[in-house]
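**Q** Handing you this structure, nothing more for now.
The values are calculated or read from the model by the stated rules, or taken from the named source; none is laboratory data. Keep in mind that what you see is a predicted model, and the values were worked out from it rather than measured. Here the Cβ positions follow ideal geometry from the backbone for every residue, glycine too, while neighbour counts run over all protein chains shown.
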């Protein structure tokens, strides 16, 4: 039944759209003490407060450098002004620490707190691994199971709606097919012409509704597959895969090609 299919999709569409967008208001997963150790670097989170967003951000940047200064035993005075870092001291301090993501909140005390996800090189001479924060995901066979791709991407509400919609549609098929069969069986057991006609009409109505649920099941499943492939999810961290790099070199005594493997 076309009308039933339209009603189901109209009802389900705004719910799934809401489920798709609800995660956007959530704070980044990494601010609660996230850390990861990579071959050439480490990912860590630093935070600092300030009376303005810029001050909080600058203080967090300053904290990165101060922590690295303490780790190396070098005493330096660090100042950050509008993102410009100046280091004063007797030692040469080199910090390779790109900021991968930032998040700022207004605390109950009226101050701003900035969280920075930072990738710090274990040695300034090391090449950093490619690290990105992305809401895109590669293809997964999960798309063929209703709701699983969405849940894998962190969209639990949306995934649950796809699962629920598919279950309800299948349940509708089973229920109305059972009623159709029951009316057909009743029509075969009676010899009353009026009753036979009544049962056959009801059986036809149940068949139409069943067909509507079949169409809804197919539409929701197709929607689920397409959405599972193209939709974005919660941001996650991706670390670049190992790759080979060939670098030509030459000096006064020799020449050749350097082979570098980044893990």
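**Q** Name the single residue, out of those in segment 49-93 being out of contact with any strand residue (DSSP E or B) (no Cβ under 6 Å at 6 or more places or on another chain) and either within 10 Å of residue 113 (Cα to Cα) or modelled with pLDDT of 90 or more (or both), that is surrounded by the most Cβ atoms within 10 Å (Cβ to Cβ).
**A** Top of the filtered list is 55.
Every residue, every condition in (1) in a strand (DSSP E or B); (2) out of contact with any helix residue (DSSP H, G or I) (no Cβ under 7 Å at 6 or more places or on another chain); (3) surrounded by 15 or more Cβ atoms within 10 Å (Cβ to Cβ); (4) modelled with pLDDT under 90, yes or no:
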residue	(1), (2), (3), (4)
95	no, no, yes, yes
104	yes, no, yes, no
125	no, yes, no, yes
139	no, no, no, yes
